[in-house]
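Throughout, read-outs are computed from the coordinates displayed, never taken from laboratory work. Everything numeric here is computed off the predicted structure, so don't read it as measured data. Cβ atoms come from the backbone with ideal geometry, glycine included; neighbour counts cover every protein chain shown.
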Amino acid sequence: MYPLRLYVFKTIEWLLLLAVALLFVFPFLWMALTAFKTLPEVFRFPPTFLPESWQIQNFAVAWKSGPFLTYLVNSLFVALSILVLQLFTAVPAAYAFARYKFKGRNVLFGLTLIALMIPPQVIFLPIYVFMSEWNLVNTLWSLILPYGASAFGIFLLRQAFMQVPDEVIEAARLDNASEWKIMWKVMVPMAKPVLVTFGLFSFIYHWNDYFWPLIMTNNEQVRTLPIGVAMMKSSEGDTLWHVIMAGNMILVVPILIIFFFAQRHIINAFVYQSK
Amino acid sequence: MKRWASVFLMLLLSVSLLVAGCSQSASKTGGAAEGEKSAGAGDGKPVEIDFWYALGGKNGKKIEEMVQKFNETHKDIVVKPAYQGDYYQNHAKVLSAITAGNQPDVTMVEAGVVGTFANAKALEDLGPYAKEMETKYIPGLMGNSYWKDKLYAVPFNRSTPLLYVNKDKLKEAGLDPAGPKTWDELIEYSRKLTKKEGDKTKTYGFSTPIDIWFYEALVFQNGGSILSEDGKQLAINNEAGKAPIKLWTSMVKEGIMKNPPGEKYNAWDVAKQDFLNGQVAMIFTSTGDLQALESNAKFDVGTAFLPAGKTYGAPTGGANLVVLAKSSDAKKKAAWEFIQWMTDTPQTIDWSLASGYMPATTEAVESKQMQDVYKERPNLKVAVDQLEYAKARPMVPGYKELQEVIMAELQRAMLGQATPDEAIAAVEKKAEKILKK
């Protein structure tokens, strides 16, 4: 039996958590509900909470407002390709930074950290000119290649690799394992929660990215979902909020599903890091 | 070892997929680029031109439809339209594309920024192409088409600010549903339209986003201007420049005007939302909003000129079509033909009716088709009539930055953090540096 005081504290804790959760969930909930309303109902004041009648056709209208299947395929292809590339560049780099002592290591790592702090808006022009010289503007390459290496991923994985005990690596070396094998067979499995977390961050960032695809592409064949959704909004006049919210749902739901399956690992990653 | 092999195979597969996927799209666009190079050499192949536009939603769809019609009726030209985000994203993209040398041939440029683009030598002088035929456009819309006496742009989707009134509420309060005509009447109407329940205001008489567009309008109405004639001096440190701030702050203080919260266009959305909900009886907003407000309001919507100070006055807004200077001669010729067709009377009528923007040519306004529409929907005509009092927005390159400064200071005054004198003084201090650039 727990003392009464503990129950009181637990209750207060839960209520506080619930309040914060509500704060974060509410905009999403509002988006979801708006996606099912009619336009006049969206504008009504005082607003209704639940839609009066559930307008499922909003999703069909949103889907048909552009080549959404192409957008969806492009988004998936770009986000996954970037993820694969980033993992195959970040793992060796992180391993080297974490486990080797070589001249200039700290300088190089410092450079990597600096790269972490530069927003894409600052460097888009030179990269655009690059891509243009290589005739890659308006191809999916221009969306994937500039993101082939992730400073954030290198940083995160380096921290994780540094926490692997030396004994484990030495044991592997005694067994004549190659460095390549140690990296992929020993280090990577031990850093799994961090890998999953990084994978999610990367995927979500590039799945949601609007600025870069907008700058690099000119036609529907190579564009991604966020641009399709943004195209639904008029600058002036008739903005069909209910359809836009339906489009946003199409954009967000895949991420929610992935998140649902991966969240256990994310929590692990943070517990692991703070140990 | 087996598992290792399967991982390797997976990797190989994903890389080959990557290459396949990318080269497929690359070949598509690569082919288009080759087509462009050989185009327009008089070898019977149609000239291909790129057109970047900056309107989404229904209006974007309409633009695509018009381009398709142009392509069907002009066998020697193929226009390839592409949506590039809003005005500002499009501007950024066009500028970076010019640097890289793969710019479009025609694009939309927001009216106030035409000067900046022309000054950067990005735009083609359209004078030699137009040969005086630009007189067909409504003069009130041409203010932002010239830079240093050269024609660089033609009006396309053009708007102007209007006063929107909730006619039902005005009638209820025993006021003229045509709306207030002067600043004094605006105050008087707002007083009568404001309804309070205890301490809470149920309905405000008036609301406007504190935006540079409306500030410009009110300065014009007092016979003032934002900048000196040569664009090198700030011209608002006088009564004409301070009066708008005094009007708005005193109305807010009295509780008869609502200052809509929100950054930039969010404040516009709030004002429109409040108007539709009946929480505000009169607002300033763009002609471009007419269609949406009329179809979503449950009351009778009326439009009127912005109330006059010493005189009526309003800026214009929206975007113009321009031809880029870096394109080849053949493409420029095709581009001129295209923008000229897009803004010619039959097309501009079609566009105006579909979008709510103003028609671009005088002939269109006078046409029987438009006159019939105006008879049926007098709200549409108000904007065109107000053009008689329209003035061009300042076009000097520094104005883009300066207008942000002005808006920030206006907002400070609205929130009671600065007196009108202090706000204007603060603008003047910063303006000197900006305009010198």
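Mind checking the mean number of beta-carbon atoms from other chains within 10 Å of the Cβ atoms in B:398-406?
Rounded to a whole number, the mean comes out at 0.
Step through the residues of the range A:175-181 one at a time and calculate ³J(HN,Hα) from phi using the Karplus curve (6.51 cos²θ - 1.76 cosθ + 1.60, θ = phi - 60°), rounding each to whole Hz and writing x for Gly and Pro.
7, 6, 6, 6, 4, 4, 5
Please compute the Kirkwood hydrodynamic radius of chain B from all pairs of different C-alpha atoms, in Å with one decimal. Could you put the intermediate results ahead of the total?
Numbers: mean 1/r = 0.0420 Å⁻¹.
Computed over Cα pairs of chain B, the Kirkwood hydrodynamic radius comes out at 23.8 Å.
Within chain A, which DSSP H helices have Cα atoms that stretch 20 Å or more along the helix axis and a mean Kyte-Doolittle hydropathy of at least -0.5? Before the final figure, lay out each step's value.
Values: long enough: A:4-34 (43 Å, 1.79); A:68-99 (45 Å, 1.60); A:192-208 (24 Å, 0.74); A:241-274 (43 Å, 1.36).
Span-like helices, by this rule, are A:4-34, A:68-99, A:192-208, A:241-274.
Scan the range A:1-77 for chymotrypsin sites (Phe, Trp or Tyr not before Pro) in coil per DSSP, keeping those whose Cβ has at most 16 other Cβ atoms within 10 Å, and list them by number.
A:F49, A:W54
Which is the longest part of chain B that has none of the GluC sites (Glu not before Pro) sitting in a DSSP loop with at most 14 other Cβ atoms within 10 Å?
B:264-437
Given only helices, namely DSSP H runs of n ≥ 4 each adding -39500 (n - 2.57), what is the per-residue ellipticity at 222 nm of chain A, to the nearest 500 deg cm²/dmol? It would help to have the intermediate numbers written out before the result.
Working: 13 runs with 190 residues, N = 275.
That comes out to -22500 deg cm²/dmol.
Compute the helix-to-body angle for B:420-436: its Cα long axis versus the longest principal axis of chain B, expressed 0 to 90° and rounded to tens.
The two axes meet at around 30 degrees.
For n ≥ 4 DSSP H runs only, could you compute -39500 (n - 2.57) per run for chain B, divide by its residues and tell me the 222 nm figure to the nearest 500?
-16000 deg cm²/dmol
Order of A:R99, B:R393 from fewest to most other C-beta atoms within 10 Å?
A:R99, B:R393
Using +1 on the beta carbon of Lys and Arg, -1 on that of Asp and Glu, and nothing else charged, what's the dipole of the range B:292-342 about the Cα centre, debye to 20?
Working: 6 positive and 4 negative charges, 57 e Å.
With only Lys, Arg, Asp and Glu charged at Cβ, the dipole is about 280 debye.
For peptide A:123-130, what's the mean number of Cβ atoms from other chains within 10 Å of each residue's Cβ?
3
Treating only the Cβ of Lys, Arg, Asp and Glu as charged (+1, +1, -1, -1), what charge dipole size does chain B show about its Cα centre? Round to the nearest 20 debye.
Around 1020 debye, computed over chain B.
Less than 17 Å apart at the alpha-carbon level, and either on another chain or at least 8 residues along: which aspartates and glutamates does that give for B:K69?
Qualifying aspartates and glutamates at Cα under 17 Å: B:E48, B:D50, B:E337, B:D344, B:D350.
Give the average, rounded to an integer, of partner chain Cβ atoms located within 10 angstrom of each Cβ in B:82-94.
Other-chain Cβ atoms within 10 Å of each residue's Cβ, averaged: 4.
As I understand it, the value is the acute angle between the Cα axis of helix B:329-342 and the longest principal axis of the Cα atoms of chain B; what does it come to in degrees, rounded to 10?
With both axes taken from Cα atoms, the answer is about 40 degrees.
Note the direction-averaged projected area, equal to a quarter of the hull surface, for the Cα convex hull of the range B:74-194, in nm².
That works out to 12.2 nm², a quarter of the Cα hull's surface.
Counting only residues 5 or more places away or on other chains, whose amide H sits under 5 Å from the amide H of B:N157 once H atoms are built in the peptide plane?
Hits under the 5 Å cutoff: B:A319.
So for the pair A:I118, B:D176, with labels modelled 7 Å out along Cα→Cβ, what separation do we get in nm?
6.3
P(r) of the protein assembly as shown in 10 Å steps, Cα pairs, percent per bin?
Cα pair-distance distribution for the protein assembly as shown, in percent: 3, 12, 20, 22, 20, 13, 7, 3, 1, 0.
Express as a percent, rounded to the nearest 5, the fraction of DSSP beta bridges in chain B (both residues included) that run antiparallel.
Restricted to chain B, the bridges split so that about 60 percent are antiparallel.
Reachable lysines from B:K200, Cα under 17 Å, same-chain residues fewer than 8 places away excluded?
B:K200 reaches B:K192, B:K253, B:K258.
Given the C-alpha centroids of the range A:86-127 and the range A:186-234, what is the distance between them in whole angstrom?
About 20 Å separates the Cα centre of the range A:86-127 from the one of the range A:186-234.
Which angle between 0 and 90 degrees, to the nearest 10, do you get for helix B:212-221 versus the longest principal axis of chain B when only C-alpha atoms count?
50
Please report, in debye to the nearest 20, how large the charge dipole of chain A is about its Cα centre when each Lys and Arg carries +1 at its beta carbon and each Asp and Glu carries -1 there.
Charge dipole, chain A, about its Cα centre: 700 debye, nearest 20.
Under the rule a/c < 1.5 gives rounded, and otherwise a/b versus b/c splits prolate from oblate, where does chain A land using the Cα gyration tensor?
Taking the square roots of the gyration eigenvalues as a ≥ b ≥ c, chain A is oblate.
Work out the charge dipole of the range A:66-231 with +1 on the Cβ of Lys and Arg and -1 on the Cβ of Asp and Glu about the Cα centre, then indicate which of A:T70, A:G228, A:Q121 is farthest towards its positive end.
A:Q121
Report the residue, chosen from A:L108, A:L23, A:L136, that carries the largest GNM mean-square fluctuation when chain A is represented by alpha-carbon nodes joined by springs under 10 Å.
Of A:L108, A:L23, A:L136, the most mobile in the Gaussian network model is A:L23.
For A:F211, A:F155, B:F206, what's the fewest-to-most ordering of other Cβ within 10 Å of each Cβ? Kindly include the intermediate steps, with their values, before the conclusion.
Details: A:F211 15, A:F155 20, B:F206 27.
Exposure proxy ranking, most exposed first: A:F211, A:F155, B:F206.
Lysine pairs in chain A with alpha-carbon atoms under 23 Å apart, 8 or more places apart or on different chains: how many are there?
8
How far apart, in nm, are two points set 7 Å out from the Cα along the Cα-to-Cβ line at B:N277 and at B:E188?
Here the modelled spin labels are 3.1 nm apart.
Reachable aspartates and glutamates from B:K171, Cα under 17 Å, same-chain residues fewer than 8 places away excluded?
B:E185, B:E188, B:D300
How do A:M162, A:M231, A:M117 line up, fewest other C-beta atoms within 10 Å first? It would help to have the intermediate numbers written out before the result.
On the way: A:M162 11, A:M231 22, A:M117 8.
Ranking A:M162, A:M231, A:M117 by Cβ neighbours within 10 Å, fewest first, gives A:M117, A:M162, A:M231.
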